[in-house]
Amino acid sequence: MFDFLFAVIAISFGGSAAPFDGVGRPDAPMTVQAPARPAAPASPAAPFAPAEPRRAFHMAAVPPGLVAEDQTPTGRFTTAAEVKPILNATRGNWIAVREYDGQDLVYVTHLWSWRCGLVAMAIAVNDAPMQDWPMPPCHEALPSPNAILDDDPQPYLTFGLGSVQTVRVQLVYDDLSMELEAFSRGDVLIP
């Protein structure tokens, strides 16, 4: 069954995912260079158009040095066992793209709102390679450990206006399972 699901995933997504180059939850925000705008796509969803040939997809390995965490439910949504069903059900909301102040903003607010069950996250815009995107720490001492506080980094990256056409997101849960999803601009563009 797993081989069948992997084959479906492989057919569903173009591109490749490089392994994470860091471990999850570091404190420093990630700096990303804006990718070059793709050469005249036929439509905003062109990289996912069925007429295009598919590239092989390989899920990256779990980052070295990570150890699976205890999955005993806490009732506070701090384990993969608790957040994975939510993130699977809301997969279409993982990211959003917004045109604002002459820029494209790529938001991951939804993912950060469930980050306590994650240990790492990476993102690739257009055809750029996957890059680790450090998440704020899980605020275990607070009543809402997944809250995004004023002192936490901003849950978005900025790019040139109209340059973001596709986004791939790779997650590593704290049980060391992994997920990858691809989005086209038209599917996640918000007003």
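Working only within the range 83-95, note down all residues that are more than 22 Å from Pro64 (Cα to Cα) and buried (at least 18 other Cβ atoms within 10 Å of the Cβ). Steps first, answer last, please.
In the first step, residues of the range 83-95 are kept if they are more than 22 Å from Pro64 (Cα to Cα); the result is 83, 85-95.
The answer is Val83, Leu87, Trp94, Ile95.
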Could you tell me which numbered condition Trp94 fails, if it satisfies all but one of (1) over 30 Å from Thr74 (Cα atoms); (2) at pLDDT 95 or above? (1)
Taking the range 138-181 as the region of interest, how many residues are closer than 21 Å to Gln103 by Cα and surrounded by 15 or more Cβ atoms within 10 Å (Cβ to Cβ)? 13
Residues in the range 53-66: is at least one modelled with pLDDT under 80 and on the phi > 0 side of the Ramachandran plot? yes
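The values are calculated or read from the model by the stated rules, or taken from the named source; none is laboratory data. Everything quoted here is computed from the prediction, not taken from an experiment. FYI the Cβ positions are ideal-geometry reconstructions off the backbone, even for glycines, and counts take in every protein chain you see.
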